[in-house]
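Only one structure is covered here, and it is reproduced in the block below.
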Amino acid sequence: MASLSTTVPPPAIRGGAPAFSERFRFIKPTLPDFQSVISAYQGFYAAGMITNGSLVQRFESAAAERLGVNHCVAVSSCTSGLMLLLRALGVTGEVILPSFTFFATGHAVIWNGLTPVFADCDPDTWTIDPADVETRITERTTAIIAVHMYGNPCAVDALEGIASRHKLKLIFDSAHAFGSRRGGCPVGQFGDAEAFSLSPTKLLVAGEGGLISTNDGTLAQLLRAGRNYGDPGSYDPDLIGLNARMPEFNAALALAGLAILDAKLARHNAIATRYTELLSSVPGLRFQKVAPADLCSYKDYSVCVDPGAAGITRDELASALLAENIETKKYFYPPMHRQKLYRGYYDGRQSLPRTDSVSEAVLSLPIYESLSDETVEGVARAIQRLILYQTAGDDHSQAR
Ligand SMILES: *Cc1c(COP(=O)(O)O)cnc(C)c1O
């Protein structure tokens, strides 16, 4: 093994040449052809219809058809969508949600004056663990929010079973998951409702925007009022709403984005497959488990670094990769129960060991449609080289 350290070239942090001569972007959204967006928008713009027009309705219908649901309600963001959903569903008391998520999931809970209760994640899928959810239910619990992490569909059946047995509302934060499928079913069809994000780091892009999908017509109607200050049109609001409308331009962008979504899904999946192929033999890396029947959007592709076997911590690997001109992200670290705004809601008696271990180890690699195969392979090779250098170096130092 010691001879390996002489064959593995030194990494950039040890004075070697970086894997990439220049830093490239961590995320670069592929947007639909500008002309197709403008041609849909132009007439409305000329007529002065830049909000509350029919492009939003057209986008909602197209999205509802794509997702196979009765109703889609376009909103200004996933965050505002989650805020309105909790309000419209009349959620009170405690809401169970994962700690391993983006903090917007929790913000929506706090904005509604509700109490977040964190549940642990599954160690393999990194989505909320239904068995752990069940242990956190109290007489004050009224809802569960689950997150399709990186687009990996949650254990939907188990969560729906728990929600119906305990009479809880079930909401999915599907920010990552437009285009994902659970078995044959598009994500969007589950629980009481699902909320998608259409911001530029996600696959379907509206510029800024969100979308709620539901089969509940009464809920959809309340959400339409909710995004319009709560006003159904009578000037006598039905609920304390927001201005969370989607502008017409954003709807034009999202409508055109639907046409290129399948190509993006395919490319994200091809990149994820390639990363896993190239990295599966590297010691000390773990991968997110996606059920064979499911389709993950791979909004992000992340690995977990086990420092014992890799000879390098997640943070050391991230720094070493940056020296190679490869930017990575720690999606999502720190977990919510370790963030200053949420620590107070975390009851330390019920620990979240799997959330802590995934969050401390997780590293997200660049993944987007225009990333070339060559770049993907370069990133994987750089990780492989760093870990080999490290493990070989350890053997070498031990031999001395
Ligand atoms: C991006 C994201 C959100 C927020 O979406 P916005 O549309 O920016 O409000 C919510 N939840 C998760 C898990 C996200 O990643």
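Check segment 330-344 and report whether any residue there is farther than 25 Å from residue 199 by Cβ and either in the same structural domain as residue 110 (by TED's automatic domain parsing) or in contact with a strand residue (DSSP E or B) (Cβ under 6 Å, 6 or more places away or on another chain) (or both).
No; the residues of segment 330-344 include none that is farther than 25 Å from residue 199 by Cβ and either in the same structural domain as residue 110 (by TED's automatic domain parsing) or in contact with a strand residue (DSSP E or B) (Cβ under 6 Å, 6 or more places away or on another chain) (or both).
Within segment 178-203, track down each residue that is among the hydrophobic types (A, V, I, L, M, F, W, C), in contact with a Lys or Arg (Cβ under 8 Å, 6 or more places away or on another chain) and within 15 Å of the ligand (Cβ to nearest atom).
Matches in segment 178-203: 178, 187, 196, 203.
Away from the ligand (no atom under 16 Å from the Cβ) and of a type outside the set (Ser, Thr, Tyr): does that describe residue 137?
yes
From the residues in segment 176-223 that are charged (D, E, K, R) and touching a His at 6+ places or on another chain (Cβ under 9 Å), which one is farthest from residue 157 (Cα to Cα)?
Filtering segment 176-223 for residues that are charged (D, E, K, R) and touching a His at 6+ places or on another chain (Cβ under 9 Å), the one farthest from residue 157 (Cα to Cα) comes out as 202.
Any idea which of 95, 69 is over 15 Å from residue 239 (Cβ atoms) and out of contact with any helix residue (DSSP H, G or I) (no Cβ under 6 Å at 6 or more places or on another chain)?
69
Go through segment 72-90 and count every residue that is surrounded by fewer than 22 Cβ atoms within 10 Å (Cβ to Cβ) and either away from the ligand (no atom under 16 Å from the Cβ) or not assigned by TED's automatic domain parsing to the domain that holds residue 126 (or both).
2
Among residues belonging to segment 214-252 that are aliphatic (A, V, I, L, M) and not in a helix (DSSP H, G or I), point out the one that is surrounded by the most Cβ atoms within 10 Å (Cβ to Cβ).
So, considering only residues that are aliphatic (A, V, I, L, M) and not in a helix (DSSP H, G or I), the one surrounded by the most Cβ atoms within 10 Å (Cβ to Cβ) is 246.
On the basis of being in the same structural domain as residue 105 (by TED's automatic domain parsing), of a type in the set (Val, Ile, Thr) and out of contact with any helix residue (DSSP H, G or I) (no Cβ under 9 Å at 6 or more places or on another chain), does residue 201 make the cut?
Answer is yes for this residue.
Here is a yes/no grid of residues against (1) aliphatic (A, V, I, L, M); (2) within 16 Å of the ligand (Cβ to nearest atom); (3) more than 25 Å from residue 32 (Cβ to Cβ):
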site: 330; (1), (2), (3): no, yes, yes
site: 347; (1), (2), (3): no, no, yes
site: 352; (1), (2), (3): yes, no, yes
site: 366; (1), (2), (3): no, no, no
site: 382; (1), (2), (3): yes, no, yes
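Mind checking whether some residue in segment 137-149 is among the polar types (S, T, N, Q), assigned to a loop (DSSP other than H, G, I, E, B) and farther than 22 Å from residue 359 by Cβ?
Yes, segment 137-149 has at least one match.
All but one of (1) of a type in the set (S, T, N, Q); (2) within 16 Å of the ligand (Cβ to nearest atom); (3) out of contact with any His (no Cβ under 9 Å at 6 or more places or on another chain) hold for residue 115, so report the exception by its number.
The failed condition is (2).
The values are calculated or read from the model by the stated rules, or taken from the named source; none is laboratory data. Predicted, not measured: the structure shown is a model, and the values here were computed from it. Reconstructed Cβ throughout: ideal geometry from the backbone, glycine too, with neighbour counts over all protein chains shown.
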